[in-house]
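Take a look at the structure set out below.
The values are calculated or read from the model by the stated rules, or taken from the named source; none is laboratory data. Please read these numbers as outputs of a predicted model, since none were measured by experiment. Positions of Cβ are generated from backbone atoms using ideal geometry, with glycine treated the same way; all protein chains shown enter the neighbour counts.
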Amino acid sequence: MGAKSMDNRKGIALVSRRKFLQLAGLSGGSLILGASLPGWQPAWASGLEADTKLNLFVSVDSDDTVSIICHRSEMGQGIRTGLPQVVADEMEAEWAKVKVVQGLGDKRYGSQNTDGSRSVRRFYDTMRKMGASARTMLEEAAAQRWSVPVAECEARAHRVHHKPSGKSASFGELAELAATQKVPDDASLKLKPAESFKYIGKPVPTYDTPDMVTGKAVFGQDVVIDNMLIASIERAPVLGSKLEKLDDKAAKKITGVIAVERLDGGIEPPLFHPLSGVAVLATNTWATMQGRKALKLSWSDTPHAQHDSASFIETLKQRVSEPGKVITQHGDAQKALEAADKRLQATYSAPYLAHATMEPVSATALAKEDGCEIWACVQDPQSVQAHVGTALGLPAEKIKVNVTLLGGGFGRKSKPDFVVEAALLSKKTGRPVKVVWSREDDIHHDYYHAASAAFFEAGLDKDGKVSSWLQRTAFPSIGGTFAPGADHPAPFELDLGFADMPFAIDNRQCETAQAEYHTRIGWLRSVSNIQNAFGVCSFADEVAHAAGSNPEEFLLELIGPDRKFDPSQGEYKYNNYGESQEKFPVDTARLKEVLRRTAAKADLSSVANGRSSGEGWGIAVHRSFLSYVGIATKVRVQNGKLEILEMHCVCDVGLAVNPDRVESQMEGAMVFGLSLALMGEIKMEKGAVSNSNFHDYPLLRIQQCPAMSVEIIASEEPPAGVGEPGVPPVAPSITNAIFAASGTRIRDLPINRHLTLA
Amino acid sequence: MELTVNGEKHQIDADENMPLLWALRDLLQLTGTKFGCGAGLCGACTVHADGMAIRACLTPVKAVAGQQITTIEGLSSAGDHPLQEAWIKHNVPQCGYCQAGQIMTAAAFLEKNPSPSEADINQAMSGNLCRCGTYPRIKAAIKDAAASHPGKGDEINGGEVNG
């Protein structure tokens, strides 16, 4: 959510084993994690006293272990490998001797909001400096030990070598002395030249994989604290609703149930407040679930109880058919439309979506008078500190947040409502409490990706060139989750593939229409790029067909000459994912290169030549999160049945710090995009979600997964986003392929409303 | 009630209808077996009962009393089951949450069908969801494990071919 601040860390800490243990607080504290948690790694950052003026990203142990803090949350993107491998490379540490330690929530790290495909692009330079700083201090320690000029000392492969004499010392041997060296300032640091990289740009194996395949990896749901209670919460089914009546007598009789507690809620805007609910607390999860089933309760009525997702989408489609609020204007789109030789219109829609992380959210809390400790699968531990602190009436820094591994995040776990629940319940019961969300809870009480509708109109001149382009969108803004009155898509949501639409059309206009919120709206992997790219990439394909052109040639012409452009216009200021346009311009040359390579994966000739085989290819290219991604999809459509045969991804993500994790993110994005395009649909009736589990909110299964490939374009541009940008072009590439294969144009997602899935 | 898990006998104090999943996770603190849906729809809780892959979230403990339960923690002593090695080689996991279930399903399946076709793999693994989208690598890893350990299933099953 547009957090721009990044605290560039300038210092670095090197601490001895003894000091490390002391700082880690390993001997103190009344809380001991269960012995069944061998994968648990102590987070030791907050044990550091402020007056040491050190920043702990790196420490070296006398046994040669280099501990590197990962301050960002691991949710499958590989960040616990990606950032530490950058540090290790710069400091000449050997990867086999690196231990990755998860950082606690602590603002001294800078932003920990693991969201927006930001971790590498925001911290690549910082991590390099951390590594270079550590290397410099080790070299200086060696120089001091040998009484030689530091220029004669060189760190290489976990040792410092004295070049003239050939003698050397291990990092471990130098650790104590290195910790006493002056922390070098940024300006004096010498970063490695790219040709000397050992790990950056290499497929370093994922740090946590061995733990993940042996059951040792610890996720939020796995936390075990002595004496803890487990809570399951029945929540208000409709936004704004509050508990009216409660009869908990039967629930309290269930063996194992210890307490039933109310959580106040029904607050609007919903922010990250817990929903109104009743928690059943028990000594095991089964008992708490049984107790919850035995609750008898009723909820108050709210205006949102009229909300019906199907009719809402129809309303949005109606609204986008009429003139809206103008956001950007180039030339005179309306006049050019009137003068056009041929006009085309299309309206698209997409439903609400849920994150459905494989791990339902979970948090464990121990609240005390003067502080609270949290163990949870969260994308933003500092946000947890702030919101739990507010809920408990404590300053944020009194909230200690241990970040576990996340069993998927996709944006859901950056909303700490579930952590606030755990903290409040711990305060009420005086015991550690783990809140366990079930799959039904997860589907019923998400922060949903917004339902949407978009209208497009294009005018073609007599040569088939696009002379005018109008686009208008409506969806409830994420802003409604945070502030009252939000009833149009916000500029930050138009930044995501709508107002930055890259086509060089003289007369073009971008508008929004009204859409109010009736549920908690949140960001989901690639956010409004999902519906924005679906509309833009679908309509461009429709216009290409209407013009009788090959989609590749048509798109190349539509994108126009190589250029770097600023989508800002008038009052609309393009945020560019929080980055400068100097460093990360909107670069049509890169988009076009991705387009050419994507088209080369496909056979688009059948598209231009008519269709009869029942098989067809579709392509879509899209820039998001500062990266450029193209998807080529081949489908077969026969007798109303759809089969996805192949899917190929081409991406330009700038420097790929870990190409294997870039590839896996793109594979994952294709599967995520397939799920949402083919079958993703959250339905709301009378204000409540009517889906409940994977039988009615299905995800793609292995037998539905097509053969895939990923091509990463070699680049020396700065590393850009990876986790999200693969998703947006997937849906339009599929619907474009369906059109090529069958002549059927699907404009309303999901696809299984129109075709049976093979 | 007595449960035998990973070769060890445990006395548990539980309602006989408690699903095995919660007995493993809450009572024995074997948290490698995951809670994903509670309804047999995602496979994250897959364990073995006498060698057969079962969904622990739907299996009451009374149904497996007397059987040999194997969880991901007990699949191999050193994390070196051919599938675990193949998973590491192909760098399969992303978030990792579903992977124990994936591996347990695949392990039971490969015992029965040591040389599976692509269609066999699809069918066997169709009950295990992965939201991160590791399916292509899961397939590759299973094929690799099968190819690098031919006949392992035959030995264990006394040469019986069960495709």
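What do you reckon, is A:N736 surrounded by fewer than 20 Cβ atoms within 10 Å (Cβ to Cβ) and part of a helix (DSSP H, G or I)? No, not satisfied. The lone criterion from (1) away from chain B (no Cβ under 14 Å); (2) crowded, with 16+ Cβ neighbours inside 10 Å; (3) in a helix (DSSP H, G or I) left unmet by A:Q221 is number (1). Here is the figure for the stretch A:237-257: residues that are surrounded by fewer than 19 Cβ atoms within 10 Å (Cβ to Cβ) and farther than 22 Å from A:P416 by Cβ total 9.
Scanning the stretch A:572-609 for residues that are at pLDDT 95 or above and acidic (D, E) returns A:E579, A:E582, A:D587, A:E593. Apart from one condition, B:A39 fits all of (1) touching a Pro at 6+ places or on another chain (Cβ under 7 Å); (2) among the small types (G, A, S); (3) closer than 18 Å to B:S126 by Cβ; the exception is (1). Residue count for the stretch A:122-154 satisfying the condition of being within 26 Å of the chain's Cα centre (by Cα) and of a type in the set (S, T, N, Q): 1. Among the residues of the stretch B:49-71, those that are away from chain A (no Cβ under 12 Å), surrounded by fewer than 23 Cβ atoms within 10 Å (Cβ to Cβ) and assigned to a strand (DSSP E or B) comprise B:A49, B:M52, B:A53, B:I54, B:Q68. Taking the numbered list (1) among the basic types (K, R); (2) closer than 30 Å to A:H304 by Cβ; (3) out of contact with any Lys or Arg (no Cβ under 9 Å at 6 or more places or on another chain) in turn, A:K465 passes all entries but (2). Contact annotation: residue pairs with Cβ atoms under 8 Å, 6 or more positions apart or on different chains, pairing a residue in the stretch A:639-662 that is farther than 14 Å from A:S627 by Cα with a partner that is surrounded by fewer than 24 Cβ atoms within 10 Å (Cβ to Cβ) and among the acidic types (D, E), are A:L645/A:E615; A:H648/A:E711.
Taking the condition of a type outside the set (D, E, K, R) and crowded, with 18+ Cβ neighbours inside 10 Å, does A:T209 pass? In short, yes. Consider A:K4 carefully, then state whether it is out of contact with any helix residue (DSSP H, G or I) (no Cβ under 8 Å at 6 or more places or on another chain) and either among the basic types (K, R) or at pLDDT 50 or above (or both). So A:K4 does not fit the description; no.
For the stretch A:715-732, residues that are touching an Asp or Glu at 6+ places or on another chain (Cβ under 9 Å) and away from every other protein chain (no Cβ under 14 Å) total 5.
Restricting attention to the stretch A:635-659, the residues that are within 14 Å of chain B (Cβ to nearest Cβ) and in contact with a helix residue (DSSP H, G or I) (Cβ under 6 Å, 6 or more places away or on another chain) add up to 4.
For B:D15, the test of being facing another protein chain (nearest Cβ under 7 Å), charged (D, E, K, R) and buried (at least 24 other Cβ atoms within 10 Å of the Cβ) is failed. So, A:V662, is that one more than 8 Å from every other protein chain (Cβ to nearest Cβ), touching a strand residue (DSSP E or B) at 6+ places or on another chain (Cβ under 6 Å) and surrounded by 24 or more Cβ atoms within 10 Å (Cβ to Cβ) or not? Answer is yes for this residue. Residue count for the stretch B:72-126 satisfying the condition of being assigned to a loop (DSSP other than H, G, I, E, B), facing chain A (nearest Cβ under 8 Å) and more than 23 Å from A:V218 (Cβ to Cβ): 1. Given the criteria out of contact with any strand residue (DSSP E or B) (no Cβ under 7 Å at 6 or more places or on another chain) and farther than 13 Å from A:E615 by Cα, does A:D652 qualify? No, not satisfied. Sub-6 Å Cβ pairs linking a first residue in the stretch A:164-183 that is modelled with pLDDT of 95 or more to a second residue that is small (G, A, S) and outside any loop (DSSP other than H, G, I, E, B), at least 6 apart or interchain, are A:A169/A:A142, ordered by first then second residue. All conditions in (1) more than 10 Å from chain A (Cβ to nearest Cβ); (2) outside any helix (DSSP H, G or I); (3) more than 12 Å from the chain's Cα centre (by Cα) hold for B:T31, with the sole exception of (1). In the stretch A:201-209 there is at least one residue that is within 14 Å of chain B (Cβ to nearest Cβ), closer than 26 Å to A:W95 by Cα and assigned to a helix (DSSP H, G or I).
Within the stretch B:35-48, the set of residues being surrounded by fewer than 23 Cβ atoms within 10 Å (Cβ to Cβ) and at the interface with another protein chain (Cβ under 7 Å from one of its Cβ atoms) comprises B:G38, B:A39, B:L41.
Scanning the stretch A:137-160 for residues that are surrounded by 19 or more Cβ atoms within 10 Å (Cβ to Cβ) and in a strand (DSSP E or B) yields A:C153, A:A155, A:R159, A:V160.
Of all residues in the stretch A:398-427, those satisfying the criterion of being within 14 Å of chain B (Cβ to nearest Cβ) and in a helix (DSSP H, G or I) are A:R412, A:K413.
Looking at the stretch A:175-192, can you tell me whether even one residue there is within 14 Å of chain B (Cβ to nearest Cβ) and farther than 30 Å from A:K434 by Cβ? The answer is no; no qualifying residue exists.
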